[in-house]
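Since the structure comes first, as structure tokens, the remarks are kept for the end.
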Amino acid sequence: MPVMSTETPAPATEPPVTGLWRLVPEPSLDVVRRWGWASVIVNIGIVVTGGLVRLTGSGLGCPTWPQCTDSSYVPHSALGIHGAIEFGNRLLGFVVAIVAIGTWLAVMRYRPKRKDLRRLATAAALGVPLQAVIGGISVLTGLNPWIVSAHFLVSPIIITLTVSMMRRSRTSPYPHTPPVVRALATASVVAVWLAVALGTLVTGAGPHSGDPETGRNGFDEELISQLHADVVFALLGVSIALVIATRVTATSRTLRKLAAWLLAMELLQGAVGFTQYFTGLPWVLVLIHMFFAAVLIALVTAVYAERGTPAT
């Protein structure tokens, strides 16, 4: 049965590299993927540090933006631990930017040119300043819960773009996949993103506002939590079906493993979610829940990328 490769064949001739681009070493696909891994790791990291800012009430530890105070870019002792936590998150943002630039340069310098990888790397890199601006607006608006939710969601988008870039950089071909597996992989993506988006609304309605004076989004906390849980149950059903489908049909070993890991992470995430709900939302469990959400985004993106081409 024929297969389709994601590798774009090199053109007969390519123009020589000129100008400042000659200063950037030409990377291999392995180097490109390492940069991609670094990007995924630091973006998961900023989800965790951003969660720490919110869960410790440090959202206005630096009360303005882009400076920390009206007279300084760094916090002073009067801001206490909250200022240090918020400033630490801002510093990690610079690390995220450096890695994004490094990833973009590696992809742009790679030969033969890959337009698909370039588009994904460029979009991911542009997401970093976008997130910084939204974060600044959230501070300037006193942590408006809707803007804070948007600020969080940029990281999963960057993770999605980067994982997609890494999966497309593979040199081995994707196998043909039965329609049922492709449909379930697509449904998993939709369900994970819906669960994550609803999770931000749950947080926006709950007690962890980032600052004691910050208002909430107005949703009934129990109602929006129940809706979030319903979507999670639907996601589990889809993922169980996906695991079964990958085992009874002709699918790649990699996809079978990824589907199993996705289901395992969902079960673990669900256990943490229910535990935090019934124990009064301790901030440590909420932080773990946020970390797992970022990992879930990476896993479901890999599953979707691995779904292959339609079976003939």
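Of the listed requirements (1) crowded, with 22+ Cβ neighbours inside 10 Å; (2) not in a helix (DSSP H, G or I), residue 86 misses just one: (2). For the stretch 35-71, a tally of residues being part of a helix (DSSP H, G or I), in contact with a Gly (Cβ under 7 Å, 6 or more places away or on another chain) and farther than 16 Å from residue 295 by Cβ returns 3.
Taking the conditions (1) within 21 Å of the chain's Cα centre (by Cα); (2) at pLDDT below 95; (3) open to solvent by 40 Å² or more (accessible area, probe 1.4 Å); (4) of a type outside the set (Val, Ile, Thr) in turn, residue 270 satisfies each one other than (3).
Looking at this structure, is residue 124 in contact with a Ser or Thr (Cβ under 6 Å, 6 or more places away or on another chain), buried (at least 19 other Cβ atoms within 10 Å of the Cβ) and part of a helix (DSSP H, G or I)?
Details: in contact with a Ser or Thr (Cβ under 6 Å, 6 or more places away or on another chain): yes; buried (at least 19 other Cβ atoms within 10 Å of the Cβ): yes; part of a helix (DSSP H, G or I): yes.
Judged against the criteria, residue 124 is a match.
Looking at 195, 229, which one is among the aliphatic types (A, V, I, L, M) and either surrounded by fewer than 17 Cβ atoms within 10 Å (Cβ to Cβ) or at pLDDT below 95 (or both)? Give the steps one after another, and end with the answer.
On the way: 195 fails: either surrounded by fewer than 17 Cβ atoms within 10 Å (Cβ to Cβ) or at pLDDT below 95 (or both).
None of the other options fit; the residue is 229.
Sub-6 Å Cβ pairs linking a first residue in the stretch 67-88 that is hydroxyl-bearing (Ser, Thr, Tyr) to a second residue that is open to solvent by 40 Å² or more (accessible area, probe 1.4 Å), at least 6 apart or interchain, are 73/67, ordered by first then second residue.
Within the option set 164, 138, being of a type in the set (Ser, Thr, Tyr) and open to solvent by 20 Å² or more (accessible area, probe 1.4 Å) holds for one residue only, 164. Only one entry of 251, 214 meets the criterion of being in contact (Cβ under 8 Å) with a residue 60 or more places away in the chain, under 27 Å from residue 181 (Cβ atoms) and hydroxyl-bearing (Ser, Thr, Tyr), and that entry is 251. For residue 250, the conditions (1) outside any helix (DSSP H, G or I); (2) under 19 Å from residue 159 (Cβ atoms) are fulfilled apart from (2). Taken over the stretch 208-220, the criterion of being closer than 21 Å to residue 282 by Cβ and exposed (fewer than 15 other Cβ atoms within 10 Å of the Cβ) is satisfied by 212, 216.
Here the stretch 244-267 is the region considered, the condition is being crowded, with 18+ Cβ neighbours inside 10 Å and among the hydrophobic types (A, V, I, L, M, F, W, C), and the residue that is farthest from the chain's Cα centre (by Cα) is 245. The lone criterion from (1) among the aromatic types (Phe, Trp, Tyr); (2) open to solvent by 30 Å² or more (accessible area, probe 1.4 Å); (3) in a helix (DSSP H, G or I); (4) in contact with a Leu (Cβ under 8 Å, 6 or more places away or on another chain) left unmet by residue 292 is number (2).
The values are calculated or read from the model by the stated rules, or taken from the named source; none is laboratory data. Small disclaimer: the values here were computed from a predicted structure and weren't measured. Cβ coordinates were reconstructed from backbone atoms using ideal geometry, including for glycine residues, and neighbour counts include every protein chain displayed. Just so you know, the surface numbers come from the protein's heavy atoms only, side chains and all, with ligands and any DNA or RNA stripped out. Shrake-Rupley method; radii C 1.70, N 1.55, O 1.52, S 1.80 Å.
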